[in-house]
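Structure first, then comments.
The values are calculated or read from the model by the stated rules, or taken from the named source; none is laboratory data. Computed from a predicted structure; not experimentally measured. Because the Cβ atoms are built from the backbone with ideal geometry, glycine has one as well, and the counts that use them run over all protein chains shown.
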Amino acid sequence: MIFDDIGAFKATLPAMRSVAGLDLGDKTIGVAISDRLLTVATPTDTIRRKKFGVDAESLLALLTAREVGGIILGLPRNMDGSEGPRCQKTRAFARNLSQLTPLPITFWDERLSTVAAERAMLEADMSRAKRAEKIDQVAASVILQGALDRLRNI
């Protein structure tokens with residue numbers, strides 16, 4: 001089930017289950033998982049993209065192992081708030097994924113999440129190689145943390 005309204009998404013979440021945040025890219029999917037109280041997002045994994053079926057299988061295996069109760073996909077809006085081709089790709093991914101899982105799915109505006117992730121890793125004095133390896137999952141945690149903060153205030 002896909003929700004554009006995060007409040008409706010929250011109403012479907014099972015109690016005491018974590019939520020996954022995804023940063024969907026052309027080459028990778030960054031994954032972050034929350035704690036069961038939905039307060040803290042933790043960078044978890046980066047899935048190298050191959051084709052949708054393989055990507056979805058890897059992703060759903062990870063989410064099942066972590067007992068995730070919902071999925072929040074970063075929605076890459078343009079800076080003016082409009083939706084372009086990248087948003088359409090993300091929404092298509094969500095539609096296809098929703099055919100394979102009963103988990104509720106919603107979207108979170110991910111503008112500047114990669115910039116925030118890069119800044120956080122620079123402040124942590126992370127090497128360039130380590131930043132390249134972790135950027136997608138840290139961006140996913142920035143997306144997820146923003147959504148978790150919003151969920152807490154609904």
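Tell me, please, whether a residue that is among the aromatic types (Phe, Trp, Tyr), under 18 Å from ALA139 (Cβ atoms) and at pLDDT 95 or above can be found in the stretch 84-94. Before you say what the answer is, go through the steps one by one.
Here is the first cut: in the stretch 84-94, the ones among the aromatic types (Phe, Trp, Tyr) are 93.
Still in the list and also under 18 Å from ALA139 (Cβ atoms): 93.
With at pLDDT 95 or above added as a condition, the list becomes 93.
Within the stretch 84-94 (the criterion being among the aromatic types (Phe, Trp, Tyr), under 18 Å from ALA139 (Cβ atoms) and at pLDDT 95 or above), the answer is yes, since at least one residue qualifies.
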How about the stretch 41-62: which of its residues are among the hydroxyl-bearing types (Ser, Thr, Tyr) and in contact (Cβ under 8 Å) with a residue 24 or more places away in the chain? THR42, THR44, THR46
Kindly list the number of the only condition in (1) under 18 Å from ARG86 (Cβ atoms); (2) of a type outside the set (Lys, Arg); (3) part of a loop (DSSP other than H, G, I, E, B) that fails for LEU37. (1)
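Can you report the number of residues in the stretch 40-51 which are of a type in the set (D, E, K, R) and assigned to a loop (DSSP other than H, G, I, E, B)? Break it down into steps so the answer makes sense when it comes.
First, pick out the residues of the stretch 40-51 that are of a type in the set (D, E, K, R): 45, 48-51.
Now restrict to residues that are assigned to a loop (DSSP other than H, G, I, E, B): 49-51.
Going through the stretch 40-51 one residue at a time, the tally reaches 3.
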Pairs please, first residue from the stretch 1-29 and assigned to a loop (DSSP other than H, G, I, E, B), second anywhere and loosely packed, with under 13 Cβ neighbours inside 10 Å and among the acidic types (Asp, Glu), Cβ atoms under 9 Å, 6+ apart in sequence or on different chains. ARG17/GLU67
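Report yes if THR64 is farther than 20 Å from PHE107 by Cβ, in a helix (DSSP H, G or I), of a type in the set (S, T, N, Q) and modelled with pLDDT of 95 or more, otherwise no. Before you say what the answer is, go through the steps one by one.
Details: farther than 20 Å from PHE107 by Cβ: yes; in a helix (DSSP H, G or I): yes; of a type in the set (S, T, N, Q): yes; modelled with pLDDT of 95 or more: yes.
Yes, satisfied.
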Residues within the stretch 67-95 that are outside any helix (DSSP H, G or I) and closer than 21 Å to LEU148 by Cβ, tallied: 11
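Restricting attention to the stretch 96-110, does a residue exist that is modelled with pLDDT of 95 or more, of a type outside the set (Ser, Thr, Tyr), assigned to a helix (DSSP H, G or I) and over 24 Å from ASN153 (Cβ atoms)?
Kept after step one, since they are modelled with pLDDT of 95 or more, are these residues of the stretch 96-110: 96-107.
Still in the list and also of a type outside the set (Ser, Thr, Tyr): 96-97, 99-100, 102-105, 107.
If we keep only those that are assigned to a helix (DSSP H, G or I) as well, we get 96-97.
Restricting the remaining residues to those that are over 24 Å from ASN153 (Cβ atoms) gives 96-97.
Yes - at least one qualifying residue is present in the stretch 96-110.
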